[in-house]
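The values are calculated or read from the model by the stated rules, or taken from the named source; none is laboratory data. Computed from a predicted structure; not experimentally measured. Cβ atoms come from the backbone with ideal geometry, glycine included; neighbour counts cover every protein chain shown. Keep in mind that these areas ignore ligands, DNA and RNA; they rest on the heavy atoms of the full protein, side chains included. Shrake-Rupley method; radii C 1.70, N 1.55, O 1.52, S 1.80 Å.
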Amino acid sequence: MGTDSKNPETIALHAGWRSDESTTAVAVPIYQTTSYQFDSTEHAANLFGLAEMGNIYTRIMNPTNDVLEQRIAALEGGVAALSVASGQSASAMAVQNITRAGDNFVASTDLYGGTWNLFANTMKDMGIECRFVDPADPQAFANATDDRTRCYYAETLPNPKLKVFPIKEVAEIGRKLGVPLIMDNTAAPILCRPFDHGAAIVMYSTTKYIGGHGTSIGGMIVDGGNFDWEAHKERFPMLNEPDPSYHGAVWTEAVKPMGPVAYIIKARVTLLRDMGAAMSPFNAFQFIQGMETLPLRIRAHCENATAVAAYLSKHDKVAHVIHPSVMEGEDRRRADAVMSGGYGGLVGFDFGDGGKAAGQKFIDSLKLFYHVANIGDARSLAIHPATTTHSQLSAEEQLQTGVTDGYVRLSVGIEHIDDIIADLDQALAAV
Ligand code: PLP
């Protein structure tokens with residue numbers, strides 16, 4: 001269905017699907033198949049040669065995943081998307097698609113701990129250097145750029161600091177230098193559309209708000225179709241020079257008839273083909289269900305989180321509350337520049353001198369909140385990052401990412417706000 005000019009609530013329900021052509025089923029079927037019957041040897045050869053688009057093998061495409069990909073691409077205002085097995089594989093592939101051993105890329109220091117580890121250690125072992133810079137100064141991205149810099153990478157609403165990234169400023173710097181900005185928009189779907197502010201690629205851990213019910217792990221890479229890879233031939237040899245893994249295809253030329261999709265097609269037919277981190281069709285189905293109510297849920301998350309931040313700000317055991325709704329100055333300006341409809345469902349707070357003991361006692365006293373390493377579930381969740389999600393980082397790295405000993409992260413759910421606050425209240429009383 002053509003949903004280009006529709007609103008997010010409508011796109012989330014309709015984009016990419018009307019009904020099943022053979023059965024007229026309205027719900028998107030789970031195409032639980034590994035492979036697809038070719039019409040003829042010529043048809044098969046055309047599909048493999050990219051002369052014709054169509055299904056070959058579920059490691060690289062599947063009709064259920066296709067609906068999810070079209071829906072998320074439409075929601076973001078992108079041209080095409082690629083579903084993968086997890087948010088981690090989405091971050092890895094988004095960078096690897098244009099970056100080789102000997103190259104570098106520049107990333108914000110404000111990143112999810114797993115992404116930090118991937119970039120600082122695993123990518124380093126692969127010969128790819130990640131240069132971390134403080135997003136407080138967008139110019140730091142320009143200063144860290146050289147001829148071998150292939151992309152910039154950041155999170156829209158990074159926890160734990162929850163300081164919204166200056167997407168527009170860094171995208172502009174990148175566009176002048178010929179460097180695309182990749183945004184992890186996991187914590188801010190619907191609230192922010194990074195392509196509207198100049199980003200070239202968006203990625204998601206669909207595990208979080210898009211799934212919304214804590215049932216499935218998945219990731220998504222969305223191509224904005226707005227970056228001119230051919231204008232920067234030397235910076236992007238992987239898109240502009242013959243690819244020996246695909247009978248010498250030059251991606252920017254080979255897929256031109258399909259539109260500005262060189263980046264995302266290459267990711268699908270080479271990286272996903274070779275690394276094999278495919279999303280299962282069953283999980284794609286779960287994410288489609290999640291997406292249908294995403295606009296409603298995200299609004300409820302935002303309203304509850306803003307109320308929680310206001311409640312915690314007044315509590316005498318809490319030293320400091322972190323949520324864009326209680327920020328001022330440049331931090332608030334940056335949030336308002338790219339977010340609309342709310343400031344997200346994540347709230348951080350710090351026990352200050354109470355440190356680790358207070359943080360742990362608080363978590364152990366919660367009754368309604370789940371104590372889990374996840375965000376974006378419809379249920380309220382809490383964790384003490386210093387001893388869990390960020391424990392594999394050094395003390396110095398923890399501080400750089402904004403994790404202190406007394407820091408607690410809440411992913412505020414969509415329960416009734418009175419019940420959420422009552423649980424926080426009794427747990428704070430126990431500290
Ligand atoms: N990006 C962000 C912002 C995350 O919070 C996470 C997971 O917590 C990831 C990426 C990785 O996603 P996944 O757990 O689906 O691999």
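Looking at Met275, Met258, Met203, Met220, which is the one that is within 16 Å of the ligand (Cβ to nearest atom), out of contact with any His (no Cβ under 7 Å at 6 or more places or on another chain) and open to solvent by 20 Å² or more (accessible area, probe 1.4 Å)?
Answer to the selection: Met275.
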Pull up the stretch 278-315, narrow it to residues that are basic (Lys, Arg) and open to solvent by 50 Å² or more (accessible area, probe 1.4 Å), then point me to the one that is nearest to Ala92 (Cα to Cα).
Arg299
Test for Leu118: is it open to solvent by 10 Å² or more (accessible area, probe 1.4 Å) and near the ligand (Cβ under 10 Å from one of its atoms):
yes
Counting only residues that are more than 23 Å from Ser205 (Cα to Cα) and surrounded by fewer than 23 Cβ atoms within 10 Å (Cβ to Cβ), the stretch 359-382 contains a total of 8
Any residue that is more than 19 Å from Phe132 (Cβ to Cβ), polar (S, T, N, Q) and either open to solvent by 10 Å² or more (accessible area, probe 1.4 Å) or within 12 Å of the ligand (Cβ to nearest atom) (or both) - is there at least one of those in the stretch 90-106?
no
Which of the numbered conditions does Ala378 fail, given that it passes all the others? Conditions: (1) under 20 Å from the mean Cα position of the chain (by Cα); (2) within 16 Å of the ligand (Cβ to nearest atom); (3) touching a residue at least 24 places away in the same chain (Cβ under 8 Å).
(2)
Cβ contacts < 9 Å: first residue under 18 Å from Asn62 (Cβ atoms), restricted to the stretch 13-28; second residue among the aliphatic types (A, V, I, L, M) and modelled with pLDDT under 95, any location; separation 6+ or different chain. Result?
Ala15/Met1; Gly16/Met1; Trp17/Met1
Residue list for the stretch 223-247, filter: of a type in the set (Phe, Trp, Tyr) and either open to solvent by less than 10 Å² (accessible area, probe 1.4 Å) or within 16 Å of the ligand (Cβ to nearest atom) (or both)
Phe236
With at pLDDT 95 or above, outside any helix (DSSP H, G or I) and of a type outside the set (S, T, N, Q) as the only criterion, which of Ala300, Ala307, Ala278 stands out?
Ala278
Quick check on my filter: what residues within the stretch 2-25 are modelled with pLDDT of 95 or more and within 25 Å of Ile298 (Cα to Cα)?
Asn7, Pro8, Glu9, Thr10, Ile11, Ala12, Leu13, His14, Ala15, Gly16, Trp17, Arg18
I want to confirm something. Restricting to the stretch 336-354 and keeping residues that are more than 19 Å from the chain's Cα centre (by Cα) and part of a strand (DSSP E or B), which single residue is surrounded by the most Cβ atoms within 10 Å (Cβ to Cβ)?
Phe349
Looking only at the stretch 204-215, decide whether some residue is in a helix (DSSP H, G or I), in contact (Cβ under 8 Å) with a residue 60 or more places away in the chain and farther than 21 Å from Phe165 by Cα.
no
Over the stretch 389-416, the set of residues more than 22 Å from Ala136 (Cα to Cα) and either surrounded by 16 or more Cβ atoms within 10 Å (Cβ to Cβ) or not polar (S, T, N, Q) (or both) is Thr389, Asp405, Gly406, Val408, Leu410, Ser411, Val412, Gly413, Ile414, Glu415, His416
Among the residues of the stretch 171-194, how many are open to solvent by 20 Å² or more (accessible area, probe 1.4 Å), hydrophobic (A, V, I, L, M, F, W, C) and either under 13 Å from the mean Cα position of the chain (by Cα) or within 12 Å of the ligand (Cβ to nearest atom) (or both)?
1
